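Following: one structure in structure tokens, then a few remarks.
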Amino acid sequence: QVQVVESGGGSVQPGGSLRLSCVVSGVIYAIDDMGWYVEAPGKQRELVAVITNAGRPNYVDSVKGRFTISRDNRKSTMDLQMTGLRPEDTGVYYCKAAVFNVNAAGYRDVWGQGTLVTVSS
């Protein structure tokens, strides 16, 4: 069984930085796209950034220039370096990995439990 675990959340002041990490473990045949999503208080879960297996990143406009997504395919890990944090970045950050499922003969999304980021003065 594949598991996804996030870490690195916490409380910071506006302008501060945090680095989130995501680890995929278990029996892994292949991982396609990986991404970070945020669920802000009272809002639906939204995409923050995604990175392809080849390492190509894509960001939502609100985080461009402030956040950097990266991954290590050998370790099945993904990071999100967040700088210039703003109060509106507050939320639970989730990691999602598209993992190849042998039984399904295709890729299936696996989500982590989330890590809380709070930006407040």
Residue match in the stretch 34-41 (condition: modelled with pLDDT under 95, farther than 17 Å from ARG19 by Cα and either among the β-branched types (Val, Ile, Thr) or open to solvent by 90 Å² or more (accessible area, probe 1.4 Å) (or both)):
yes
Working only within the stretch 65-121, note down all residues that are touching a residue at least 12 places away in the same chain (Cβ under 8 Å), at negative phi and of a type in the set (Gly, Ala, Ser).
SER70, ALA97, ALA98, GLY112, SER120, SER121
Please specify each residue of the stretch 45-77 satisfying the condition of being exposed (fewer than 13 other Cβ atoms within 10 Å of the Cβ) and either in a loop (DSSP other than H, G, I, E, B) or modelled with pLDDT under 95 (or both).
ALA54, GLY55, ARG56, LYS64, GLY65, ARG74, LYS75
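Select from the stretch 7-24 the residues that are closer than 26 Å to ASN103 by Cα and open to solvent by 50 Å² or more (accessible area, probe 1.4 Å) and list them in ascending order.
Let us first name the residues in the stretch 7-24 that are closer than 26 Å to ASN103 by Cα, namely 22-24.
Selection gives VAL23 alone.
Kindly indicate the residue of the stretch 78-121 that is hydroxyl-bearing (Ser, Thr, Tyr) and buried (at least 19 other Cβ atoms within 10 Å of the Cβ) and also farthest from GLY15 (Cα to Cα) among those meeting that condition. Walk me through how you get there before you give the answer.
Keep residues of the stretch 78-121 that are hydroxyl-bearing (Ser, Thr, Tyr), which gives 83, 90, 93-94, 107, 115, 118, 120-121.
Then drop every residue that is not buried (at least 19 other Cβ atoms within 10 Å of the Cβ), which leaves 93-94, 115.
Details: TYR93: 18, TYR94: 21, THR115: 19 Å.
My answer is TYR94.
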Output the qualifying pairs, or none if there are none: Cβ atoms under 6 angstrom, residues six or more apart or on different chains, first residue in the stretch 11-23 and within 14 Å of LEU80 (Cα to Cα), second residue open to solvent by 20 Å² or more (accessible area, probe 1.4 Å) and β-branched (Val, Ile, Thr).
SER17/THR83; LEU18/VAL12; VAL23/VAL5; VAL23/THR77
Can you confirm whether the stretch 47-70 contains a residue that is under 15 Å from LEU116 (Cα atoms) and either of a type in the set (D, E, K, R) or touching a Gly at 6+ places or on another chain (Cβ under 9 Å) (or both)?
yes
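The values are calculated or read from the model by the stated rules, or taken from the named source; none is laboratory data. None of the values given here were measured: they were computed from a predicted structure. Every residue, glycine as well, gets a Cβ built from its backbone with ideal geometry; the counts of neighbours run over all protein chains shown. Ligands, DNA and RNA are stripped out before the accessible areas are found, and what is left, the full protein with its side chains, is counted by its heavy atoms. Shrake-Rupley method; radii C 1.70, N 1.55, O 1.52, S 1.80 Å.
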